[in-house]
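Below is one structure; the comments refer to it alone.
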Amino acid sequence: LPVVAIVGRPNVGKSTIFNRVVGERISIVEDTPGVTRDRIYAHGDWVGHEFSIIDTGGIEIGDQPFVKQITAQAEIAIEEADVIIFMVNGKEGITNADENIAKILYRSNKPVVLAVNKIDNLESRADIYDFYSLGFGDPYAISGAHGIGLGDLLDQVIANFSEQQDDKEDDSIRFSLIGRPNVGKSSLVNAILGEERVIVSDVSGTTRDAINTKFVDNGQEFTMVDTAGLRKRGKVYENTERYSVMRAMKAIDNSNIALVVLNAEEGIREQDKRIAGYAHDAGKGVIILVNKWDTLKKTNSTQRDFEAAIRAEFQYLSYAPILFVSALTKQRLAKLPELIKTVYDNHGRRISSSSLNDVIMDAIAITPTPSIKGRKLRIYYATQVKTAPPTIVVFVNDVDLMHFSYVRYLENQIRKYYDFTGTPLKIIPRSRK
Ligand code: GDP
């Protein structure tokens, strides 16, 4: 997906616009227990064009002074976005801070669309002409508060999306390594590639740029997505939590499979859970890699205990296989491509309706459908409507009678019959009259 970033100094109205663009999408997403939603990165669409949008204002960078903060936010926009919305406040005119941001944006080759916000009525539209002097062409007058002008702005943003639809149409399996800083993502990239194509070191600024890296294993092509995101150049924002979460979300978007990397040495942290939650929410295939497995002194229960901790902390990822690996010793890494391929196949698996309905009828025979207040749930028919992730619609007499625990039960039964290792399954009850 193309990425749109909103930049601008505080209080120009970035998050209002962000919320309007992603609007209902954020509020309708399903609840995943234990996953907090971040309102800095989300999906939007406009007249059939889908994109991701980042509110850079939401990325606070430690206790850096104000100027450093907005500089970093502008740099993030330049680095991450395909199109930048530069937002200013039409009521206040051009400030020094706006000019500073403009200077940073000039140096990028990214298209910039200038949005003049808080133009709440027609009379004040005349004021926007001053903003030509910022040097980004026509300013677009908008009112976040009233939702005026957004259409024209988004038309212009979309007009700037480049044609190149990347290389997503090939048969390559796309996967990404996600995780907090220092869990060993870059080291794993190197170890998987088996050669020093991406250079890793403790010293900042040494990892060479590489966006997507392809390799072939056993006749199957794989694309390691967004290895550029593993760069470490010591910028102020690169180790902030929200930045790494945002990077992870972007990489997940561009992948079929997300490898969630944990650090065996440090155990499971809150941030790990958040990052893993995004992979789950995005409906991608998920594999958990416990890296630095070489650092632990092991007894015969070390692996079992670690696995139990993962299962307890990442309950929503109960389908994800776990591999205990080491980028240092390359332990078990040879198995990884095959595992990715298996998860990919499962993620794209399509099962026939007749076979699926046999499974469901058996499930009902074992554990009959529940009743709520004297009304019994009836299941008529189930059918798989989509793959990647496999999505099954179950027609019932009344969706209100379909308790989530029964949905969970059906899911478990389905998983007993078909190999859906590594993929979430979506089960959507629907009322049929
Ligand atoms: P990233 O921020 O997730 O990309 O992490 P890096 O790949 O830069 O690794 C962070 C640090 O952990 C570096 O000092 C690596 O040498 C070290 N490291 C990475 N993987 C392993 C591993 O499997 N075992 C050990 N012992 N150290 C590792």
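The values are calculated or read from the model by the stated rules, or taken from the named source; none is laboratory data. Small disclaimer: the values here were computed from a predicted structure and weren't measured. With ideal geometry, Cβ positions are generated from the backbone for all residues, glycine too; neighbour counts draw on all protein chains shown.
With the requirement that a residue be over 15 Å from Ala320 (Cβ atoms), assigned to a helix (DSSP H, G or I) and not aliphatic (A, V, I, L, M), what does region 389-411 give you? Hits for region 389-411 are Asp400, Phe404, Ser405, Tyr406, Arg408, Tyr409. For Ser201, the stated conditions hold: it is of a type in the set (Gly, Ala, Ser), modelled with pLDDT under 95, within 16 Å of the ligand (Cβ to nearest atom) and not in a helix (DSSP H, G or I).
Consider Asp63 carefully, then state whether it is in contact with a Phe, Trp or Tyr (Cβ under 8 Å, 6 or more places away or on another chain) and either more than 17 Å from Val7 (Cα to Cα) or at pLDDT 90 or above (or both).
no
Kindly check whether there is at least one residue in region 91-111 that is part of a strand (DSSP E or B) and touching a residue at least 40 places away in the same chain (Cβ under 8 Å). No, region 91-111 contains no residue that is part of a strand (DSSP E or B) and touching a residue at least 40 places away in the same chain (Cβ under 8 Å).
Across region 129-156, the qualifying residues are those that are without any contact (Cβ under 8 Å) to a residue 60 or more places away in the chain and part of a loop (DSSP other than H, G, I, E, B), and the one among them that is farthest from Val22 (Cα to Cα) is Gly135. Residue check: is Ala365 away from the ligand (no atom under 16 Å from the Cβ), buried (at least 19 other Cβ atoms within 10 Å of the Cβ) and modelled with pLDDT of 95 or more? Taking the combined requirement at face value, the residue does not satisfy it. Within region 326-344, the set of residues being among the basic types (Lys, Arg), within 16 Å of the ligand (Cβ to nearest atom) and surrounded by 14 or more Cβ atoms within 10 Å (Cβ to Cβ) comprises Lys330, Arg332.
Of the listed requirements (1) of a type in the set (Gly, Ala, Ser); (2) more than 16 Å from the ligand (Cβ to nearest atom); (3) closer than 14 Å to Lys185 by Cβ; (4) touching a helix residue (DSSP H, G or I) at 6+ places or on another chain (Cβ under 6 Å), Ala251 misses just one: (2). The residue pairs whose first member lies in region 172-187 and is in contact (Cβ under 8 Å) with a residue 40 or more places away in the chain and of a type in the set (Val, Ile, Thr), whose second member is near the ligand (Cβ under 7 Å from one of its atoms) and part of a strand (DSSP E or B), and whose beta carbons are closer than 7 Å, counting only pairs six or more residues apart or on different chains, are Ile178/Val261; Val183/Val261; Val183/Asn291.
Being touching a residue at least 24 places away in the same chain (Cβ under 8 Å) and of a type in the set (Asp, Glu) is the filter; apply it to region 267-296 and report the residue that is surrounded by the most Cβ atoms within 10 Å (Cβ to Cβ).
Asp272
Scanning region 181-194 for residues being within 8 Å of the ligand (Cβ to nearest atom) and touching a strand residue (DSSP E or B) at 6+ places or on another chain (Cβ under 8 Å) gives a total of 7. Among the residues making up region 207-236, those that are surrounded by 15 or more Cβ atoms within 10 Å (Cβ to Cβ) and either modelled with pLDDT of 75 or more or not assigned by TED's automatic domain parsing to the domain that holds Leu336 (or both) are Asn212, Thr213, Phe215, Asp217, Gln220, Phe222, Thr223, Met224, Val225. As for region 265-275, it holds at least one residue that is within 16 Å of the ligand (Cβ to nearest atom) and of a type in the set (Gly, Ala, Ser). Among the residues making up region 79-104, those that are surrounded by fewer than 15 Cβ atoms within 10 Å (Cβ to Cβ) and acidic (Asp, Glu) are Glu92, Glu99. Note on region 345-354: residues that are surrounded by 12 or more Cβ atoms within 10 Å (Cβ to Cβ), in a loop (DSSP other than H, G, I, E, B) and among the polar types (S, T, N, Q) amount to 0. When the test is whether a residue is modelled with pLDDT of 95 or more, surrounded by 15 or more Cβ atoms within 10 Å (Cβ to Cβ) and under 30 Å from Glu221 (Cβ atoms), Leu410 does not pass it.
Would it be correct to say that Gln73 is in contact (Cβ under 8 Å) with a residue 40 or more places away in the chain, part of a loop (DSSP other than H, G, I, E, B) and in the same structural domain as His43 (by TED's automatic domain parsing)? So Gln73 fails the test. Is it the case that some residue within region 342-358 is out of contact with any strand residue (DSSP E or B) (no Cβ under 9 Å at 6 or more places or on another chain), of a type outside the set (Ser, Thr, Tyr) and over 28 Å from Val399 (Cα atoms)? The answer is yes; a qualifying residue exists.
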